[in-house]
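Here is the structure we will look at.
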Amino acid sequence: MNGITKGLTAMIMGLFVVTPKVFASDGVEVNHLGVNNTLVRVSGEGRYLLFPVQESNDDARVNILVDGELDKSINVKLAKSKVDYYVPFDLAPYKGHKVAMNITTTQGRSTVREAKDDACWKNMKVSDTFDISNREKFRPAYHHTPLYGWMNDPNGMFYKDGVWHLYYQYNPYGSKWQNLSWGHSTSVDLIKWESHPVALEPTGLGMVFSGSCALDTNNTAGYGEDAVLGLYTSADVSQTQSLAWSKDNGETFELYPANPVITLETEARDPNMFWDNDAKQWVLVLAHALEHEMLVFTSPDMKEWTLQSSFGKGLGAQGGVWECPDLFQLPVEGSDEKKWVLVCNLNPGGPFGGSATQYFIGDFDGKTFEADVDSDGNIPTKWMDFGKDHYATVSWSDAPGNRRTVIGWMSNWQYAAEVPTMQYRSANTLPREIGLFKAPDGQIYASSQPSPELTALRDNLALKVRKTNVNKKWRTYDLPTNNGGICEILFDVDAKKSRIVDFELKNNNGEKVVMQYDVAAHTLSFDRRESGIVDFSQDFPAVTIAPTFETDNKISLRIFIDRSSIEIFGNDGDFVMTNLVFPAKPYTKLSISSVGGTARINNLRIFSIKEF
């Protein structure tokens, strides 16, 4: 090679940069292809690839390549300047195969040299284990939570062979909304929950949004007697409805190859179905989200669906979008009457801002729902819970003893992604039993009582006061301090000549929750503006108010306190309030006073809660 040739070769080679192999850790090889594109090869033998996450970052798109072919795509907020926590990607299904990650980031970097300095590349690693031990002071002690990651709506719940199956909207790759799949937990007592692998993952039709499951006792779909059938929303550019079934009691699902089974030209989601034994057909309620209505479909086999009717245009709360429906029949307490309940979750537009659960009482003939009217001929708006943190409430199918057992998402879309936790985000409400009662105004309302299994939470009776009078001077009682201050409080209030009866939960930091029974207004309010950490969102400090549905100036309260929530069940569930709280220290005192006259407190009991 002469000098000219050598010079040309050097000049040509200078136009190209050969990307060197960089090993982030044993078993992880990183190749930077550009300022926003990196190839990560996994050669280690560990069970998991651990992704370093920084929550303030935008999502990176991670295409999982197996033997050179695209297997799936996920979104992860890969760390740029610091590592907040790690999330695991399970490598077990790919054992014996070549695995690579083609990663595209949106982080602003001017050169590859800058991009190489991002914290994620140095800290990505292969591991045989993933630490799921709790690192959060506010993780509930006795409410269901995911082991890690983001959770929102409960969905797909069914009961079979003594086991309660709970699925939920789940992001396994971070504690903010993304990568929605069906997480899966089970319980035999509605208290202790066992976590299972993800049951449904995104497909080419999109992420897995909410839906429902039921047992096919008559083998209508052809997948076997008592097969678990699931319907869910596939959400991508459009929203369509997909069918899945399980032959192993809901551990894994197979997808109907001709999905989707329902397509519309407009946005619709969250299918909720049940078997109509009288008409020998499936009934499906689908939220026509932006149209603020529910659509009713029927099918003989879960595959071919016929639109029968719609309900809701211009009725009830119309703000935001309608979501997560449910439809079921219940007896009315103290009568021979039965009515149908149509549940309609709404976001935003709740009575105290953000998301909430409204419902309608009426009749259903198998095809059409017709709501009851009030004395003025109007269809009233009714709320299942008067707190800020109760949403997406739906029921278990096939529950034993004709029970209508429900559970909700214990948060609010206004601030769910900003609450002061990071390892996980969001919990479920306590499970509740829905009933119907007739109030003094002549209307029929839904009650929500704690499921009977929850009495097993009780440990020691920490306090018992048969009766005591209260006036403007506070009476104060100690709360249990073990296990983060969690407890259950029960008492009856006879307001007598009182105008206002106040109840405070407080600690020695000056943090407090103030509950106030307004006797004349027949309301109970809940003020969390000084409850602890409240500054993560302008929408969090709030006062919520519930009607007490009584006329005799008497109420009974059953209050569940967990590490970051308070649930109040009044008058055997005739009114309910669910609110999150984040006190720096647990509440240690219950104080009670009365304004305008003496009130009587009867049967005050405080139970500590067992550790599970």
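The values are calculated or read from the model by the stated rules, or taken from the named source; none is laboratory data. In this text, all values refer to a predicted model and were calculated from it rather than measured experimentally. For neighbour counting, all protein chains shown are included, and Cβ atoms are generated from backbone atoms with ideal geometry for every residue, glycine included. Calculation scope for accessible area: heavy atoms of the full protein, side chains included, ligands and nucleic acids excluded. Shrake-Rupley method; radii C 1.70, N 1.55, O 1.52, S 1.80 Å.
With respect to (1) modelled with pLDDT under 95; (2) open to solvent by less than 10 Å² (accessible area, probe 1.4 Å); (3) not basic (Lys, Arg), the lone exception for residue 226 is condition (2).
Within the stretch 444-456, can one find any residue that is in a strand (DSSP E or B), within 22 Å of residue 528 (Cβ to Cβ) and out of contact with any His (no Cβ under 7 Å at 6 or more places or on another chain)?
Here is the first cut: in the stretch 444-456, the residues in a strand (DSSP E or B) are 444-450.
If we keep only those that are within 22 Å of residue 528 (Cβ to Cβ) as well, we get 448, 450.
This time we only want the ones that are out of contact with any His (no Cβ under 7 Å at 6 or more places or on another chain), so: 448, 450.
Taking every residue of the stretch 444-456 in turn, at least one turns out to be in a strand (DSSP E or B), within 22 Å of residue 528 (Cβ to Cβ) and out of contact with any His (no Cβ under 7 Å at 6 or more places or on another chain).
Inside the stretch 524-578, can you point out the residues that are closer than 21 Å to residue 354 by Cα and open to solvent by 30 Å² or more (accessible area, probe 1.4 Å)? Passing the criteria: 527, 529, 530, 533, 535, 536, 538, 539, 541, 543, 545, 547.
When the stretch 483-507 is limited to residues that are modelled with pLDDT under 95 and over 27 Å from the mean Cα position of the chain (by Cα), the one that is least open to solvent (accessible area, probe 1.4 Å) turns out to be 496. Which count do you get for residues in the stretch 235-261 that are in contact with a strand residue (DSSP E or B) (Cβ under 9 Å, 6 or more places away or on another chain) and either open to solvent by 60 Å² or more (accessible area, probe 1.4 Å) or under 18 Å from residue 157 (Cα atoms) (or both)? Here the count works out to 18. Pairing residues of the stretch 262-290 that are free of Cβ contacts under 8 Å to residues at least 60 places away in the same chain and surrounded by fewer than 15 Cβ atoms within 10 Å (Cβ to Cβ) with residues that are hydroxyl-bearing (Ser, Thr, Tyr) and not in a loop (DSSP other than H, G, I, E, B), at Cβ distances under 7 Å and at least 6 apart in sequence or on separate chains, gives 263/240.
Residue 431: open to solvent by 10 Å² or more (accessible area, probe 1.4 Å) and either of a type outside the set (Ser, Thr, Tyr) or more than 25 Å from residue 284 (Cβ to Cβ) (or both), yes or no? Spelling it out, it is not the case that residue 431 is open to solvent by 10 Å² or more (accessible area, probe 1.4 Å) and either of a type outside the set (Ser, Thr, Tyr) or more than 25 Å from residue 284 (Cβ to Cβ) (or both). Residues considered: 117, 90. Of these, the only one that is surrounded by fewer than 16 Cβ atoms within 10 Å (Cβ to Cβ), among the charged types (D, E, K, R) and at pLDDT 95 or above is 90.
Taken over the stretch 386-404, the residue count meeting the criterion of being more than 24 Å from residue 525 (Cα to Cα) and either under 16 Å from the mean Cα position of the chain (by Cα) or assigned to a loop (DSSP other than H, G, I, E, B) (or both) is 7.
Is it the case, given these coordinates, that residue 403 is open to solvent by 50 Å² or more (accessible area, probe 1.4 Å), among the basic types (Lys, Arg) and in contact with a Phe, Trp or Tyr (Cβ under 9 Å, 6 or more places away or on another chain)?
On the way: open to solvent by 50 Å² or more (accessible area, probe 1.4 Å): yes; among the basic types (Lys, Arg): yes; in contact with a Phe, Trp or Tyr (Cβ under 9 Å, 6 or more places away or on another chain): yes.
Taking the combined requirement at face value, the residue satisfies it.
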